[in-house]
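**Q** Below is a structure I'd like to ask you about.
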Amino acid sequence: MLLLARNLFLASLILFYKSEKNNLTFTVHHTCSIEGGKELVLKNAPFLSEYRPLEDKKPFLGEGYYFWEYNLDYAKVWGRYHYSNKYFIVESNVYIDHERENYYLDLVGNRKHLVFFVRLLTKFNLLNKIGTKGIDLCFIIDYLRKTIPEAFPFKVIRAVDYKNKDREGIKIQFNDKGNSFTILNPRFIFSFKNKEDIVYLEKPFITFTS
């Protein structure tokens, strides 16, 4: 009975998620080491970010192939800090197809997707009113994919990268009547579970060498 109730809940949640669809294209940047040279990088990029928590490898959205969405400046910052300032940035245009079944979860610009994700985490006791109870998002995504794949079948995830005590964002107040503001240069990231899930509109190229 409990299994039936769970399956009915998941079915209704998936239908809610699917009610918002469109097709999108994005310019993205992938930062990687210069090791191996340009030919090797262009042949093999993007490179897998492995999820191995015991080795302190914890990519933000779990294991996958990562891109910054149209953010060459922060791709350079990532290269300086994570590749000792010896890096390439590979640029490409990718296509996201919302008509593809269980493909894309947008935690940036789609409120229905966000509501879906919050309801899913709440259902499986991974979230409460104050947040995720100290559980990392990378762990949650890895857990859902491995233990409840029918609840989390998504191949592509888009999210905002906020830093604790971040002072780099361009914040602009809406008006002088309160404390509400928006950020003009947020950092968006894409994670593709599998390399074959990436649909390119043009051949990737190296747009920057450190």
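**Q** Would you check which residues across region 75-102 are touching a residue at least 60 places away in the same chain (Cβ under 8 Å) and more than 30 Å from residue 145 (Cα to Cα) and list them?
**A** If the condition is that a residue be touching a residue at least 60 places away in the same chain (Cβ under 8 Å) and more than 30 Å from residue 145 (Cα to Cα), then 76, 80, 85, 86, 87, 88 are the ones that fit.
**Q** Select from region 160-210 the residues that are small (Gly, Ala, Ser) and exposed (fewer than 11 other Cβ atoms within 10 Å of the Cβ) and write down the one among them that is nearest to the chain's Cα centre (by Cα). Explain how you work it out, then say what you get.
**A** Restricting attention to region 160-210, the residues satisfying the condition of being small (Gly, Ala, Ser) are 169, 178, 180, 191, 210.
Now restrict to residues that are exposed (fewer than 11 other Cβ atoms within 10 Å of the Cβ): 178, 180.
On the way: 178: 31, 180: 26 Å.
Applying the filter and picking the extreme gives 180.
**Q** Could you check, for region 124-138, whether at least one of its residues is within 27 Å of residue 196 (Cα to Cα) and of a type in the set (D, E, K, R)?
**A** Going through region 124-138, the residues within 27 Å of residue 196 (Cα to Cα) turn out to be 136-138.
Within this subset, residues satisfying the condition of being of a type in the set (D, E, K, R) are 136.
Yes: one or more hits.
Where a number appears in this text, it was derived from the coordinates with a stated rule and is not lab data. These numbers come from a predicted model, not from an experiment. Note: ideal-geometry Cβ built from the backbone for every residue, glycine included; neighbour counts use all protein chains shown.
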